[in-house]
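Visitor: Would you mind keeping the following structure in view while I ask a few things?
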Amino acid sequence: EARSGSLINLGRNVDFEQGNNGDFTSEYTYSPGANGLWNEGTYAITADASFNHDNFFCDNDHTSGSGNFMAVNGAGQANVVVWSTTITGITQDTEYEFSTWVASLSPISPAILQFKINGELLGSPFTASNFTCLWKRFFETWNSGNSTSATISIVNQNTATNGNDFSLDDINF
């Protein structure tokens, strides 16, 4: 079994600096603009989440402190895909690492997220910090087996409708 020694990120626009440009999909509704994130199940690509929701607190991305991130008002349903992309050129029988940085936008009911690859949940759910705008890294490893492509996703497992608001940045595969 091989292990990918590459530090090259196979994802595109995973730091969100190119905005909502079609490099990823979401089952959430894109809702940018002032107070665009009042409804559950919405997201925006932003540099300051308080612009998108008066009660959200985070105005620095993980990468540089001044760039974009994905701000999310979590849906009250489990297993809804927040972020997803398909990666081609996967080497068979190779171990890959899938990671993301997560920060809470509200201290009430922090996000509970989980990775999913090719329709299968990966690893255990992970919980964001209950402190707002404190970036925390989560990762899992995945063996490609016979796969030559991977649809990688981040799903929300928190069913609370109050709180359950979070940010994603610097997704890596």
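Visitor: Among what's in segment 124-147 and is assigned to a strand (DSSP E or B), under 14 Å from the mean Cα position of the chain (by Cα) and free of Cβ contacts under 8 Å to residues at least 40 places away in the same chain, pick the residue that is surrounded by the fewest Cβ atoms within 10 Å (Cβ to Cβ).
Guide: So, considering only residues that are assigned to a strand (DSSP E or B), under 14 Å from the mean Cα position of the chain (by Cα) and free of Cβ contacts under 8 Å to residues at least 40 places away in the same chain, the one surrounded by the fewest Cβ atoms within 10 Å (Cβ to Cβ) is ARG137.
Visitor: Oh, and also: Given (1) buried (at least 18 other Cβ atoms within 10 Å of the Cβ); (2) farther than 14 Å from ASN143 by Cα, identify the lone condition not met by TYR96.
Guide: (2)
Visitor: Check CYS58 against each of (1) under 14 Å from the mean Cα position of the chain (by Cα); (2) open to solvent by less than 70 Å² (accessible area, probe 1.4 Å); (3) of a type outside the set (Val, Ile, Thr) and name the one condition it does not meet.
Guide: (1)
Visitor: Out of curiosity, is TRP83 of a type in the set (A, V, I, L, M, F, W, C), in a strand (DSSP E or B) and open to solvent by 10 Å² or more (accessible area, probe 1.4 Å)?
Guide: No: the conditions fail for TRP83.
Visitor: Could you list, in sequence order, all residues of segment 10-32 that are in contact with an Asp or Glu (Cβ under 7 Å, 6 or more places away or on another chain) and open to solvent by 70 Å² or more (accessible area, probe 1.4 Å)?
Guide: Scanning segment 10-32 gives a single hit, ARG12.
Visitor: Based on what the data block shows, is PHE173 touching a strand residue (DSSP E or B) at 6+ places or on another chain (Cβ under 6 Å) and either among the basic types (Lys, Arg) or modelled with pLDDT under 95 (or both)?
Guide: Here the answer is yes, as PHE173 does meet what is asked.
Visitor: Related question: Determine which member of the set ALA75, ALA71 is touching a residue at least 60 places away in the same chain (Cβ under 8 Å), under 15 Å from TYR28 (Cβ atoms), open to solvent by less than 30 Å² (accessible area, probe 1.4 Å) and not in a strand (DSSP E or B).
Guide: ALA75
The values are calculated or read from the model by the stated rules, or taken from the named source; none is laboratory data. Because the structure is predicted, anything quoted here is derived from the model rather than measured. Neighbour counts are summed over all protein chains in view; Cβ atoms, including those assigned to glycine, are modelled from backbone coordinates with ideal geometry. Ligands, DNA and RNA are stripped out before the accessible areas are found, and what is left, the full protein with its side chains, is counted by its heavy atoms. Shrake-Rupley method; radii C 1.70, N 1.55, O 1.52, S 1.80 Å.
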